[in-house]
Amino acid sequence: MKNDKIIEMDMGTSVSENIGTVCLGIESSCDETSAAIVDSNRNILAHIIYSQIPEHQKYGGVVPELAARAHILAIDTVIRQTLERANMTINDIDVVAATAGPGLIGGVLIGWMAATGIAQSTGKPLIAVNHLEGHALVPRLAAATADNSAAPVAVDFPYLLMLASGGHCQILLVRGVGKYELIGQTLDDSAGEAFDKVSKMLGLGYPGGPIVDRRAALGNPRAFDFPRPLCDKPGCDFSFSGIKTAARTFLSKTDAPYSDEFINDFCASFQASVVDCIINRLGHAMKSAAVINAKPKTLVVAGGVAKNSAIRAAMEDLAKKHNMIFAAPPMNLCTDNGAMIAWAGLENYRIGNIVREPIAPRPRWPLTEL
Ligand code: KG4
Ligand code: ZN
């Protein structure tokens with residue numbers, strides 16, 4: 001493991017003197033090996049992310065076998081460095097948490113076994129965190145407005161959540177820790193997958209989301225007439241495979257190499273269709289009986305796709321129209337990270353959700369099964 005691939009997250013300047021219950025969180029479900037130490041007073045005391053993206057880039061996506069090997073090589077160093085950065089030893093930790101699914105099982109097993117080993121050898125409580133719950137709850141650790149400009153936003157239950165990552169795309173009513181009501185979900189691809197595939201078709205690289213986001217900002221969103229699947233139908237479900245097929249059809253009519261202007265316009269038009277679908281489906285969700293009855297005050301976006309500038313801005317507008325507060329995690333807590341696992345660990349610890357007998361990590365683990 002080379003040191004130049006380690007990202008140490010900026011913790012800001014606001015670590016309070018008052019340290020609460022301290023949790024070590026470990027994430028290894030995809031292509032980031034990450035650990036963080038977070039306390040119950042919302043302080044991120046240390047946070048290390050080792051990104052494997054350079055290792056997978058030449059294959060155009062994550063190769064599970066390579067990811068698992070890279071996690072094995074990185075995990076000890078990442079945990080040790082996290083403790084060092086927080087000026088702590090394992091004895092200063094109160095709770096140990098790790099992702100126990102869903103995700104690439106080879107990677108999940110490595111983080112889970114590391115956490116189990118630490119918990120068993122020290123007698124500390126162990127928390128099995130659902131990776132999606134990590135994304136879903138991290139806005140309660142830290143949340144910002146669409147452009148990160150204003151003061152932190154407090155996110156209280158219940159809230160309406162757009163959870164969009166590389167593997168998932170769901171609208172959820174978050175009633176509490178472990179209490180998720182599914183309002184809508186994708187029938188095929190996730191939003192992140194659509195971004196990644198369009199980027200691949202254009203030869204722009206992996207992961208596609210950030211690249212397409214950047215190029216879209218330079219293009220004309222009306223240049224290509226992408227479909228808005230399901231937007232003329234009732235309900236809150238998504239379908240992104242039609243958008244992907246449309247992308248392929250448009251590209252089959254133009255020879256590569258594509259001009260910068262073509263790529264920018266293509267990305268802008270594609271992204272506009274994704275944004276419209278998200279806003280349309282969230283609009284329907286707000287009119288659903290479950291959401292009307294629960295009266296959530298906050299509209300939240302989370303998951304890697306929550307980094308998308310156009311999606312953040314459009315959701316902030318939608319929230320305003322419905323007299324709701326908009327909240328999104330700061331950019332560095334949207335994609336996979338250890339801090340979200342540590343925070344979800346603390347939230348589960350608070351309600352006594354501790355592992356008391358051996359559990360098997362799960363490649364599939366819907367939030368609604370918590
Ligand atoms: O949550 P995440 O880190 O991993 C999963 O749990 O899947 O999400 C990764 C996904 C990738 O598909 C990536 O392309 C997408 O998040 N992503 C974005 C942006 N940044 C990352 N999608 C759109 N716009 C972005 N700026
Ligand atoms: Zn994720």
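The values are calculated or read from the model by the stated rules, or taken from the named source; none is laboratory data. Everything numeric in this text was worked out from a predicted model, so none of it was measured. Neighbour counts are summed over all protein chains in view; Cβ atoms, including those assigned to glycine, are modelled from backbone coordinates with ideal geometry. Note: accessible area is taken over every heavy atom of the protein model, side chains too, but ligands, DNA and RNA are not part of it. Shrake-Rupley method; radii C 1.70, N 1.55, O 1.52, S 1.80 Å.
Computed from backbone phi with θ = phi - 60° and the Karplus coefficients 6.51, -1.76 and 1.60, the 3J(HN,Hα) list for segment 229-234 is x, 6, 5, 8, 10, x Hz; x is used for glycine and proline. Residue by residue, segment 155-160 carries 3J(HN,Hα) couplings of 10, 9, 6, x, 9, 9 Hz when phi is fed to the Karplus relation 6.51 cos²θ - 1.76 cosθ + 1.60 (θ = phi - 60°); x denotes Gly or Pro. Here is the size of segment 42-159 from its Cα atoms: Rg then Dmax, 16.3, 44 Å.
Between amide H atoms placed 1.01 Å from N, distances below 5 Å from Ile7 occur with Ile49, Tyr50, Ser51, all of them 5 or more places distant or on a separate chain.
Seen from Asn353, the other residues with C-beta closer than 13 Å to its C-beta sum to a net charge of +1, counting Lys and Arg as +1 and Asp and Glu as -1.
Which of the three applies to segment 207-294, rounded, prolate or oblate, going by the alpha-carbon gyration tensor with a ≥ b ≥ c and a/c under 1.5 meaning rounded? Note, shape of segment 207-294 comes out prolate. Using the alpha carbons alone, the radius of gyration of segment 293-353 stands to its Kirkwood radius in an Rg to Rh ratio of 1.06. Would you mind classifying segment 189-240 by shape? Square roots of the alpha carbon gyration tensor eigenvalues, ordered a ≥ b ≥ c; an a/c under 1.5 is rounded, otherwise it is prolate if a/b is larger than b/c and oblate if not. Cα axes put segment 189-240 in the oblate bin.
Loop-only trypsin sites (Lys or Arg not before Pro) in segment 253-302, please: DSSP not H, G, I, E or B, and at most 10 other Cβ atoms within 10 Å.
Lys253
Straight-line reach from Lys244: taking Cα to Cα under 26 Å and skipping same-chain neighbours fewer than 8 places apart, the lysines in range are Lys58, Lys197, Lys200, Lys233, Lys253, Lys307. Residue-normalised convex hull volume from the C-alpha trace of segment 242-369: 188 Å³ per residue. Within the chain, the ratio Rg/Rh, alpha carbon atoms throughout and Rh by Kirkwood, equals 0.97. Over segment 143-328, the hull volume per residue, using the convex hull of the C-alpha atoms, is 109 Å³. On the principal axes of its alpha-carbon atoms, segment 133-196 has extents of 36, 27, 16 Å, going from largest to smallest. In terms of the mean number of neighbouring beta-carbon atoms within 10 Å, the peptides 231-241, 339-349 order highest first as 339-349, 231-241.
With a 1.4 Å probe and all protein chains left in place, how much of the accessible area of the chain comes from carbon and sulfur atoms, in whole percent?
Here it works out to 52 percent.
Close amide H contacts of Asn337 (hydrogens built in the peptide plane, cut-off under 5 Å, sequence separation of 5 or more or a different chain): none are found. Near Phe224, the amide H atoms lying under 5 Å from its own belong to Ser269; only residues 5 or more places off or on other chains count, and H is placed 1.01 Å from N. Thr145: net charge of surrounding residues, Cβ under 9 Å, Lys/Arg +1, Asp/Glu -1, itself excluded? Result for the local shell: -1. The distance between label points at Arg222 and His322 comes to 2.7 nm (points 7 Å beyond Cα on the Cα→Cβ vector). In sequence order, segment 25-38 has phi-based couplings of x, 10, 10, 7, 8, 9, 10, 10, 9, 9, 9, 8, 10, 10 Hz under the Karplus curve 6.51 cos²θ - 1.76 cosθ + 1.60, θ = phi - 60°, and Gly or Pro positions carry x.
Where only DSSP H runs of four or more residues are counted, the chain gives -12500 deg cm²/dmol as its mean residue ellipticity at 222 nm, each run worth -39500 (n - 2.57). Straight Cα distances below 16 angstrom link Lys287 to the aspartates and glutamates Glu181, Asp232, Asp237, with same-chain residues fewer than 8 positions distant left out.
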